[in-house]
Structure formats: C-alpha cells, structure tokens
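Input: a single structure, listed below in structure tokens.
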Amino acid sequence: MRIVSIVPSLTDLVASLGAGEDLVAVTDWCTDGAPATAARIRGTKNPDVQRIVALRPDVVLANTEENTAESLDRLREAGLAVEETYPRTVVDAAAMIRRVGEVLDRRSAAEPLAAAVDAAREAASWPDDRPRVMALTLVWRKPWMGLGPTTYADDLLWTCGFANVLSGADEPYPRLDPALVLGPDVVLLPSEPYEFGEADLEAVAELVGADVPARFVDGQALTWHGPRTAEAITTFSALARELAGLG
C-alpha cells in the first residue's frame, strides 16, 4: 500500500502500526516514524498537492483541524482517497486508531493500541468527591493564546482530572484577556506549538500571578492523538493527582 500522511501525528500512528515503510510522502515536520525514502511535501497547511497526486497513493491520511479544506478538496477532486480524521476526545482517539488500522489493513496492530487507550481512560477515573485541578494551558505567546473547549487536549486533561479555566471560551484556542484569566490552580506550559521555557516564566507569572505554579509538559503527549494517548493519560493523571494531593 502507498500511503501519504499530511499530519505528523498520523505519520507517528502509521509507524506504530508497522506500516512506516509504506509511507511514500510526509510533511516537512514529520520527524517521528517517517522513512528516509519518503518524499517531503511541505507543511500541513500548504501541502504540495500536485506532487502528492503524482505519487499515486492508495490513501492520504489527513486531519480536519490540521489541514485546510481546500487542500483536501483538491486531493479528492484528483481522484485520491482521503481518510480525514478529527478526534476531539480520548474516546474518539481510540476509534481513530481502529479506523486507520482498518484502512491500512493493520487491524491486529491497531487493536492493542486502541485497547490501551480504553484501559488508561478507565484507570484515570477521577474521584467524585474531589474538586478537579483548575488549569490554564497556554499554547502561544505574543499574543497569549490558551487551550479552549471542544479540543482533544481539553478532553484529555478532563479525563485526567483537570478542569479548564477557558472552558467557556467561544474558540478552541482563544486569545487571552488577562483580566479574564481567573483562578487557575496551575499553568501548564507545553513544548509545542510554542516551546515554553524558563525564559517565559516571568511573563507567565505576570499573566496569572506569582503564586500560581507553572509546570512544563510534553506538547506532543498533550496534542498528538494516537499511539501516545494511553501514556499521555497516565502521565497527566499522575500530575493531576500530585497537584490535588492525592498521591
């Protein structure tokens, strides 16, 4: 099978399913799981559609949020099969793994990965009698942007015991009005899409207050749905329990 992936997390999934050598093209940002023989077809927002068509793939793996509707429409109009994914919850992520496994004829490899997500989700059950850890998750600086509702990462954190300060936002990744950032127990600082580091801590403290702790977290674990989901649930669940004093 000839596979094109235009999303890094889907490239990661293909490799985890044991089909990495079938990838004939990936984005310039696909660093995990892509074989050296795969063509590079620019980024998620501006893939080289003509080159993808010329490679005659059996399937193009895409994502509704990461890729543009225009690009996907052009690929379909050229007669290519596009498998468009859009997991917005942990449950969706498990279903996506199973679906991609079916499309790639890798069901036996997909089922353990999906089952691990299901098991991790059940194990992360938050006690009904304990308040959730109120988190502000930043995703960008200059301007400040945060993680809002209706996103996979938001559901992942909820599954693990966090609540979202920005749950009432109108956008999935809203710009922040500092006056509205009220009451977080913790600020989560991912390593992507903006790579937060020590140099940002002073500005973060000015945004939320010096008494609010900040934690650096793995951005791929937070946002890459697929083979990383089960471990991400375990990691963020442990962090939530630590912050809540549950041990």
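Each reported figure results from applying straightforward, stated rules to the coordinates on display, with no laboratory input. If you're wondering where the values come from, they're calculated on a predicted model, not measured in any experiment. Don't worry about glycine lacking a Cβ; one is built from the backbone with ideal geometry, like all the others, and counts go over all protein chains shown.
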Förster radius 41 Å - calculated FRET efficiency between Glu122 and Gln50 (Cβ-Cβ, nearest 0.05): 0.35
C-alpha center-to-center spacing [region 196-228, region 62-80] in angstrom: 32 Å
Charged-residue dipole, Cβ positions (Lys, Arg, Asp, Glu), region 17-65 about Cα centre, Debye nearest 20: 240 debye
Residue-count net charge about Val82 - beta-carbon cut-off 12 Å; Lys, Arg +1, Asp, Glu -1: -3
Contour minus Cα-Cα distance for Tyr173 and Arg215 (0.36 nm per residue): 13.2 nm
Sequence ranges 148-158, 112-122, ranked by mean other-Cβ count within 10 angstrom, highest first: 148-158, 112-122
In Hz, Karplus ³J(HN,Hα) per residue of region 206-216 (6.51, -1.76, 1.60; θ = phi - 60°; x = Gly, Pro): 5, 6, 10, x, 5, 8, 8, x, 10, 10, 7
Calculated FRET value between Glu198 and Lys142, using beta carbons and R₀ = 22 Å, to 0.05: 0.85
Summed side-chain charge close to Asp185 - residues other than Asp185 whose Cβ falls under 14 Å, Lys, Arg +1, Asp, Glu -1: +2
Region 104-247 - Rg and Dmax from Cα coordinates, angstrom: 15.6, 52
Candidates Glu102, Glu65, Glu202, ranked by Gaussian network fluctuation over the chain, Cα under 10 Å, top entry: Glu202
Dipole magnitude (debye, nearest 20) for the chain, charges at Cβ of Lys, Arg, Asp, Glu: 480 debye
Candidate values (i) 61, 44, 32; (ii) 52, 39, 36; (iii) 56, 38, 30, label of the one derived for Cα extents along the principal axes in Å: (iii)
Radius 13 Å from Cβ of Ala221, net charge of other residues (Lys, Arg +1; Asp, Glu -1): -3
Ellipticity estimate at 222 nm from DSSP helix runs (n ≥ 4, -39,500 (n - 2.57)) divided over the chain, nearest 500: -11000 deg cm²/dmol
